[in-house]
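Worksheet for the structure shown next.
All of the numbers you see were taken from the coordinates with simple rules; none came from a lab. These figures come from a predicted structure and were not determined experimentally. Glycine also receives a Cβ, built like all others from the backbone with ideal geometry; neighbour counts cover every protein chain displayed.
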Amino acid sequence: MISSPPVYEAGTFLASTSSLPAYSARRSEGGPVSGSRGSTEHIFSLQDKKKKPWITLKVLSSAPTSASLPTFLEGNRIEGCVELDLSNGEKITGASVLIRGEIITGTKERDRLRFLDITIPLWPKPESSSGGRVSPGHCHWPFEINIPKDVILADPERPGVVRSYSLPQTFLERGTNASAHYYLSLQIIRGARLFREEDEVKTMFVYVPAVRPDPPSVSRQLAYQENVPIPGPEIDMDGWHSCPPVILKGKVFNNRRVEVQCVLSLAKPLSYTRGTVVPCYLNYFCPDLQALNLLCTPSAINVCLRRQVKCRSISTASGHSIATDDAEEICRAVWSPVKEEARRQETRRFEGEIHLPKSMKPSSAISHFTLKYFVIILPFKVTGFSSEDTQPLVQQEVEIATMFAKGPRARRYAPATSEPAVNSALRKHPTSPDFNVWR
């Protein structure tokens, strides 16, 4: 017998959703992953006064264990069944399975925006001849629910206009006001057709969208395939996006003002699968060789990946919810000088990588809620140099995906980032499953 795990209630949904296995599924070009891959059974029950389960909700998912939250990837069906034991005389007049998706920005009911609402009636059935009640005994009702890839919602920036949004990944982190929740519930109606909360079996589940980057340049694919260094922007011009040049300003040893020109390049496309890397390239120019040698070293370069979680206030009849705008640095790039046989004295070139944690949530935007990532250059912090800059010098938006690009897998060439370089919130409270759909 499989023991029944507890029914999860609000506030207890930070169950283990990390450490999920890597996942591969076939995805037709331009379409969602098809079919259901559920192999782990989750069981949730309601008990009678004798502590005996009289109604049970079973569901299959891609979670690693039955103790984890049910997990579904884009294109997977939710498959399960409902079992009733009505030998105790319970009178059932209605039963439905519901799927809900909500953006939550506070503790009150009005601080919720529902973006997904699916109801599958299990009872009554048209062919019922029992007078509107489930007959005593044991009942078994299977069900299948397709989660849509997109939903149609009002555009918060254009009143009266609706648009299509892709479903976001489940997002729930301590310290961040806004969150994206998904719920699966079974609602039972006993006697009069009134729903009571004590007759609901409910669990949160994890939803993972399938986001795949376009393939990298042919030159970079060949480098990955042959396990050789990837060509830089000077060689593979079509394979890199170069940000506009910026000028880093400050004083050296507090007596000489200097300006250093900097160009940051990122490998195209500007979309990267979590658990892989963001290839970077930096080109510095300064006629002051002392300043160049002081500032342009791997340890002095401060290029980070910043995450921004933003949720506009949701206007309701009873007021406005709290707006959220949280930004934090997730991880830093690691650098090494470009090996050149000959170079100009006034220039320094560096190649680098940002190592993306597997637990990252993918980029998403739905109605009032957005989760974005930016590669930024922060001002120098070097002994002997006083920077005039206080804000990021470069901010380039990038997409974080969940699927590997078609073709050879991206390689790491630099040593992995040290533990302090990864944001502590990702280590302590990972709510992203380690899923990468790569075929």
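Length gain on complete extension for the stretch Arg158 to Thr347, per 0.36 nm per residue less the alpha carbon to alpha carbon distance? The partial results should precede the final answer.
Numbers: separation 189, 0.36 × 189 = 68.04 nm, distance 4.78 nm.
This chain segment gains 63.3 nm when fully extended.
Close amide H pairs (under 5 Å, H built 1.01 Å from N) link Trp240 with Lys268, residues at least 5 positions away or on another chain.
Ranking of Cys81, Cys262 by neighbouring Cβ atoms within 10 Å, starting from the fewest: Cys81, Cys262. Take every Cα pair under 8 Å whose residues are at least 6 apart in sequence, average their separation, divide by the length of segment 155-243, and the relative contact order is 19 percent.
Taking only C-alpha pairs under 8 Å that are 6+ residues apart, what is the relative contact order of segment 218-428 in percent?
On the way: 445 pairs, mean separation 53.7, N = 211.
With pairs under 8 Å counted, the relative contact order is 25 percent.
Taking θ as phi - 60° and the Karplus parameters 6.51, -1.76 and 1.60, the scalar couplings of segment 137-142 work out to x, 9, 10, 9, 10, x Hz in sequence order, x denoting glycine and proline. Taking θ as phi - 60° and the Karplus parameters 6.51, -1.76 and 1.60, the scalar couplings of segment 158-168 work out to 9, x, x, 10, 10, 8, 8, 10, 6, 5, x Hz in sequence order, x denoting glycine and proline. Annotation: for a label point projected 7 angstrom from Cα along Cα→Cβ of Thr297, residues of segment 348-386 with backbone N closer than 20 Å are 348-353, 378-386.
For segment 218-428, the equivalent ellipsoid derived from the alpha-carbon gyration tensor has semi-axes of 31, 25, 14 Å in decreasing order.
By other beta-carbon atoms within 10 Å, ranking Glu234, Glu74, Glu226 with the fewest at the front produces Glu226, Glu234, Glu74.
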